[in-house]
Amino acid sequence: MMSLRVWALVFLSSVAAVCAAQAGPRPAAAEQLFALANQSRAQVGADPLKWDRALAEAAMRHCQRMAQEGPISHRYSGEADLTERAAAAGAHFGLIEENIAAGDYASQIHEGWLNSPGHRRNLLNPQVDHVGIAVIESHGTLYAVADYSRGVQALSPAQVESKIGELLHSTGIMVHQDTAEARAACRLDRGLPSMPGGSAPQFVMRWQGADLDHLPQELASRARSGRYHSAAVGSCPPRGEVGGFTAYRLAVLLY
């Protein structure tokens, strides 16, 4: 499932509009917000976040706009949205969230995020595992952007098929080496491709998503039912508008 959630927080009644970006990919204030985030996640039993350079780059580009524009916002005129910014920076994700703020110092920003329900959900969300943080100081004001994501690997069709094949194999199903028919079925909305020879599958499932660690529930149940002895797995380009989200489209034929 694809998701995006954004939250903004302002501690000051007015903010400066001049940008003076700090040098380096992880200035002290960003490093502090990163450490504080993982301390807070540990307290609630959430796994620590991993630093993501692509998310940090996307966050910095937006942070520069915040310092230039003045009133903070998740999107300014002529600017790409969060998913497009992150994708352009090279991030791959199945879920993405953003917190922004303007304040006096990093610990104040962190406490403000914790004390705001929406920001707190983003920061402590157990479903996210990566973060990129940018902080810019301008005229005594800190502008902060934290982009959180659930990272998704960019995999080739063969790698995608291999991961799903391993899941099927763990249920006792033999996986065919020939992917041609399954790949052709993947590209269809329904039915089966016209392929010479071979036997027709007893069950066909197509789906699209970012999760390659679990089989869809119906497919998993059928694979474990003992009714099928082999399967073919095929991957093809995803359908529809996925924006910056990483998604995979698959078909599995059970025999």
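The values are calculated or read from the model by the stated rules, or taken from the named source; none is laboratory data. Quantities reported herein were computed from a predicted structural model and do not represent experimental measurements. Cβ coordinates were reconstructed from backbone atoms using ideal geometry, including for glycine residues, and neighbour counts include every protein chain displayed. For accessibility, only protein heavy atoms count, side chains too; no ligands or nucleic acids. Shrake-Rupley method; radii C 1.70, N 1.55, O 1.52, S 1.80 Å.
Overview of results
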| read-out | value |
| --- | --- |
| Conditions (1) open to solvent by 60 Å² or more (accessible area, probe 1.4 Å); (2) modelled with pLDDT of 95 or more; number of the one not met by Arg5 | (2) |
| Residue identified as hydrophobic (A, V, I, L, M, F, W, C), open to solvent by less than 40 Å² (accessible area, probe 1.4 Å) and over 28 Å from Leu49 (Cα atoms) among Ala182, Ala200, Ala146 | Ala182 |
| Residue within the range 205-214 that is in contact with a helix residue (DSSP H, G or I) (Cβ under 6 Å, 6 or more places away or on another chain), within 10 Å of Ala251 (Cα to Cα) and either not in a loop (DSSP other than H, G, I, E, B) or not aromatic (Phe, Trp, Tyr) (or both) present | yes |
| Selection within the range 25-54 - among the polar types (S, T, N, Q) and either open to solvent by less than 70 Å² (accessible area, probe 1.4 Å) or touching a Lys or Arg at 6+ places or on another chain (Cβ under 9 Å) (or both) | Asn38, Ser40 |
| Considering residues of the range 55-75 that are touching a residue at least 24 places away in the same chain (Cβ under 8 Å) and open to solvent by 40 Å² or more (accessible area, probe 1.4 Å) only, the residue nearest to Arg150 (Cα to Cα) | Glu57 |
| Criterion: modelled with pLDDT of 95 or more, surrounded by 15 or more Cβ atoms within 10 Å (Cβ to Cβ) and farther than 30 Å from Ala89 by Cα - qualifying residue of Leu250, Leu219 | Leu219 |
| Candidate set: the range 158-179, residues that are of a type outside the set (Val, Ile, Thr) and within 19 Å of the chain's Cα centre (by Cα); chosen: the one least open to solvent (accessible area, probe 1.4 Å) | Lys163 |
| Among residues of the range 76-113, those that are of a type in the set (S, T, N, Q), touching a residue at least 60 places away in the same chain (Cβ under 8 Å) and not in a strand (DSSP E or B), counted | 3 |
| Single condition Asp213 does not satisfy, out of (1) surrounded by fewer than 21 Cβ atoms within 10 Å (Cβ to Cβ); (2) closer than 30 Å to Ile72 by Cα | (2) |
